[in-house]
Each structure stands twice: as C-alpha cells, then as structure tokens.
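Undergrad: Below is a structure I'd like to ask you about.
The values are calculated or read from the model by the stated rules, or taken from the named source; none is laboratory data. On a predicted model such as this, the values are computed, not experimentally measured, just so you know. Methodologically, a virtual Cβ is constructed for each residue, glycine included, from the backbone with ideal geometry; neighbour enumeration extends over all protein chains shown. Accessible surface is based on the protein model in full, side chains and every heavy atom, while ligands, DNA and RNA are left aside. Shrake-Rupley method; radii C 1.70, N 1.55, O 1.52, S 1.80 Å.
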Amino acid sequence: MDSMLIGSFPKPLLFPVVSGVSASKTTATLALLQYSCVDVAKIEMVYNLDDLSCDSCAENPRMWPAKENEKAQGVPFPRCRVRNMLEKYHTVKLQRGLVAQHIARNNEISSAYQSRSAKHIANAASSQPLESEPEAYHPKNPRESMQDALNAFYRFSRPHTVIGTALSISSVSLLAVEKLSDFSPLFFTGVLEAIVAALLMNVYIVGLNQLSDIEIDKVNKPYLPLASGEYSVTTGVMIVSSFAILVALHLISGLRKPIFLYLQSFWLGWIVGSWPLFWALFISFVLGTAYSINVPLLRWKRFALVAAMCILAVRAVIVQIAFFLHIQTYVFGRPAVLSRPVIFATAFMSFFSVVIALFKDIPDIDGDKIFGIRSFTVRLGQERVFWICISLLEMAYCVAVLVGAASSSLWSRYITVSGHAILAAILWNRAKSMDLKSKAAITSFYMFIWKLFYAEYLLIPLVR
C-alpha cells in the first residue's frame, strides 16, 4: 500500500517524518494532504488518528525524531502538527462541501425562476440572500402563472415592432381622409381589419425569426423566451403556426369567400375583396419567411444588402402604399391615386427602414460574428455603421423640413418644419454622447430610434 500511495505522485516529496511512524507513511500522508481530492479515509488508512494527540507529543519525547537522524530526515515534525494538518484538511473539506451545497441550491433557484421576467432575473443576480425568496420553492398561484405567461408572450412578440406596425397603419390610413365625413364606422372597421391582420403577421414574422435564431439569441438577446428556455421549440412552433393560420383565416373572412373558393382564387389570382390588404400580407409573409427560415437559397438575413431590402420593402413600401390603397379603394371606393403625403411618407420611411435594418445589427455584432452572419456591422465596424445611420436620418429630416416648408397649408408648414427640426436636433445631441463600447448604451439608442420612428408617424398625417 505504501508503495502505491507514494508512487501515485510524479515528483518525490521530501517531508519530515514522525518518530515511531515509518517514513513512507509520513511522506504518503503529507502528500495526501497536498492533494485535496484524496478521500480522508485514505489518510486514516495510513495513520491511526487516535495516536496523534498533542498530549502524547508533549509528554513523550520519543515522539520526536532521534537527533542522529534529524539531518537525514529533516526538521523535527511532531505528531501534533500532523494532527493539526489533518484537522485543517477536514475543515477545508467541510467548507468545500458547504460551497457545493450552496451552488446546488443556487442552481435549483435559477431553474425555479427561469420563467420570471428580466426584472426578477436581475434581482437574483444582485446577490440577494436566498432566504429572502422562500416562495421559490412553492407552486405559483394561477394569477402569477398568468402574469408570467403574458410577460413571456409580450417579449416573444417584440413589442416595439407591434407598436410600430399599429401606429404606422393608423397614420397612413389617415392620409386617405379628405373630409370630416370620412370618419365613419366603415373607415374605423377597415382600419381595424388592417391592423389586426398586420399584427397577426407581425407576430408570425418575429416568432419565426426567433425560432431560426435560438442559438444566436442566446448570445445577443438571452432575455427572449426561446433563448432563455421559457418557451420550448415546440411551443414556439405552435405559436408561430397558430398566427400564420389566423392570418389566413382573417384573409378569408376579409375577402368574404368560402374556403374552397378562396383557395382556387389564390392560385388563379382572381380574388374579389381588398386586393391591397391581401398582397400586403402575402408579400410580408413571403419576405418574412425568406428572411429567417434556414433552408437552401433562403435565410436572406445572412446577406446584408438583401436583408436591408427585405425590411425596406415591408416597412417603407408595403406599409405606406398597400395600406393607404386598402383604405382609399376598398373602404372609400375611390381611385387608386397616390397623394403627395403618401409619396413623402414612402420616401422618408425608406431612409428610416434602411437605418433600422443597419442599426439593429450593431448591438448583435458578437453573435453575428460567431454564427457567420455577414451584416454591415460585422464588415464595416460598429462606429462606422452608427454614423452612417445618423447621417441618413439627418438627411431625411432635412428633406422633411424642405417638404414642410413647401406646403400650401400654413398650419401644416409650421408643424412639419418645427417638428422635424426638433427631432433632428434631439437625434444629433443624443448621438454625440453615445458610448459605442457599451452594449447597453447601443441597445438603448436603438430603442430611441424606434421612438423617433413613432414620432414620425405622428407627424406624417399632418403633411399636406
């Protein structure tokens, strides 16, 4: 046994020995003390710990090594010191056991709170005592479960895009209003129909994107339900499929045709109803699917220019023109003529859509690099893309000021000129103080751009 214990260490160890105990046992014991992974039982097999008392060391001089052997075997090493070393080893091992239990308990709490919102996760990460959250081990009541489910779906739906979609359709629809009597139940019904259909399509598109980007989102957006594990892949597929079906049913009911006639008309192209609404949803469905889904020849988000064109086509062209024509032709029954404000809105939002397409990749540069997404940010760098976005928006605001100044309506001229000038100044002031080394600051600025996006849609109906 002695030879096995000593031979297990690659380098010879020179330790003092204890009188009355073989040198091989002393060396083996100290070697075992050096390696904390060795079980205490192995040490107890080398020594009888009951013999290692400090009293016996003090009372029995024989416990010390003989003087003639001191030089050969090292500095005197009493048995009490060996016992103290063993006691320290037991103490360290006990402490490690407590640490291991603490880590295991933390893991249990992390699993129990996995479905909590980002606020609760942040609180847990701020080193709060575990005893302050005893409810982690108790089942949630139905109200808490419902709140968690709503919170998860809220994040899954990407609320900033939902708000942008609803606000943009409402704003563009107002451009078709020519007189006060146009505000009729028929108008509000048509607007509501368009918003509901667009929101269903919006959730489908952002949900499909998350399903395709689970691993990337674990790096870029770990707070999303699929990336954090709150939603399983099966749950995500069910939600996305359900919203795709709801879009189809909404189209069917909107076209007021039986299902079999709708399917026949879909393939033949003979559809009676709101053509602008149908094609807006259909093109959004095709582009949104091609943008995200990971199949050969698709997943266009891998290509920076194609990805930007997809976002521009939906946010700039389809939203402005298709939904305006939906109200103009289907609701009001007027000729399909694009007015000056609609042309302005399409041009301005083309700039804005390009900026959103470019800027959204700035905070996601880490995950995009890892997974081979060749975005403009990966190619050109964060700072260069950031200032390109700022320059494009400032150019758009300058054009908007000129368009507003050329308006024949005095009230429209004052509101559009002053409004766009103020937004341009706020943007420039915020951009100068931007810290591009902070991902949190970049993400905050990205949401600030979405707020400018909302503000623009409040100004667009006032352009005359």
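Undergrad: Please give, to one decimal in nm, the separation of the simple spin-label points placed at Trp428 and Ser242, each 7 Å out from Cα toward the Cβ.
TA: If labels sit at Trp428 and Ser242, their model points lie 4.9 nm apart.
Undergrad: Report the full-extension gain for the segment Met447 to Lys218: residue separation times 0.36 nm, less the Cα-Cα distance, to one decimal in nm.
TA: On the way: separation 229, 0.36 × 229 = 82.44 nm, distance 1.99 nm.
Between Met447 and Lys218, full extension yields an extra 80.5 nm.
Undergrad: Go through region 191-202 residue by residue and turn each phi into a ³J(HN,Hα) via Karplus (6.51, -1.76, 1.60, θ = phi - 60°); whole Hz please, and just put x for glycine and proline.
TA: Values per residue, Gly and Pro as x: 5, 4, 4, 5, 5, 4, 4, 5, 5, 4, 5, 4 Hz.
Undergrad: Between Ile293 and residues 5 or more places away or on another chain, which pairs have amide H atoms under 5 Å apart, with H built 1.01 Å from N, and which residues are they?
TA: It is Arg299, by chain and number.
Undergrad: Right, here's the next one. So what J values fall out for region 167-182 if you push phi through Karplus, 6.51 cos²θ - 1.76 cosθ + 1.60 with θ = phi - 60°, rounded to Hz, Gly and Pro as x?
TA: Taking θ as phi minus 60°, the curve returns 5, 5, 5, 4, 5, 5, 4, 5, 5, 7, 7, 10, 8, 5, 5, 5 Hz for region 167-182.
Undergrad: Test of understanding: what is the full-extension gain from Trp411 to Arg384, defined as 0.36 nm times their sequence separation minus their Cα-Cα distance?
TA: Values: separation 27, 0.36 × 27 = 9.72 nm, distance 3.85 nm.
Taking Trp411 through Arg384 to full extension adds about 5.9 nm, to one decimal.
Undergrad: Give me the accessible area of Leu186, 1.4 Å probe, in Å² rounded to the nearest 10.
TA: Using a 1.4 Å probe on the heavy atoms, I get roughly 100 Å².
Undergrad: My understanding is that a pair violates if its Cα-Cα distance is over 19 Å; which of Lys301/Lys369; Lys221/Lys369; Lys218/Lys369; Lys369/Lys437; Lys221/Lys432 do that in this structure?
TA: Values: Lys301/Lys369 13 Å; Lys221/Lys369 14 Å; Lys218/Lys369 13 Å; Lys369/Lys437 17 Å; Lys221/Lys432 26 Å.
Violating the 19 Å limit, Cα to Cα: Lys221/Lys432.
Undergrad: Using label points projected 7 Å from each Cα along Cα→Cβ, tell me how many nm separate Ala336 and Met395, to one decimal.
TA: With each label point 7 Å from Cα toward Cβ, the separation is 3.0 nm.
Undergrad: Using 0.36 nm per residue, how much length does the chain from Thr189 to Lys369 gain when fully extended, once their Cα-Cα distance is taken away?
TA: Between Thr189 and Lys369, full extension yields 60.2 nm more.
Undergrad: Give me the one-decimal nm value for the distance between modelled label points at Gln147 and Val317, 7 Å along each residue's Cα-to-Cβ direction.
TA: 4.6 nm
Undergrad: Taking θ = phi - 60°, what integer Hz values does the Karplus form 6.51 cos²θ - 1.76 cosθ + 1.60 yield along region 387-399, in sequence order, with x for Gly and Pro?
TA: Using θ = phi - 60°, the values come out as 6, 4, 4, 4, 5, 5, 5, 5, 4, 4, 5, 5, 4 Hz.
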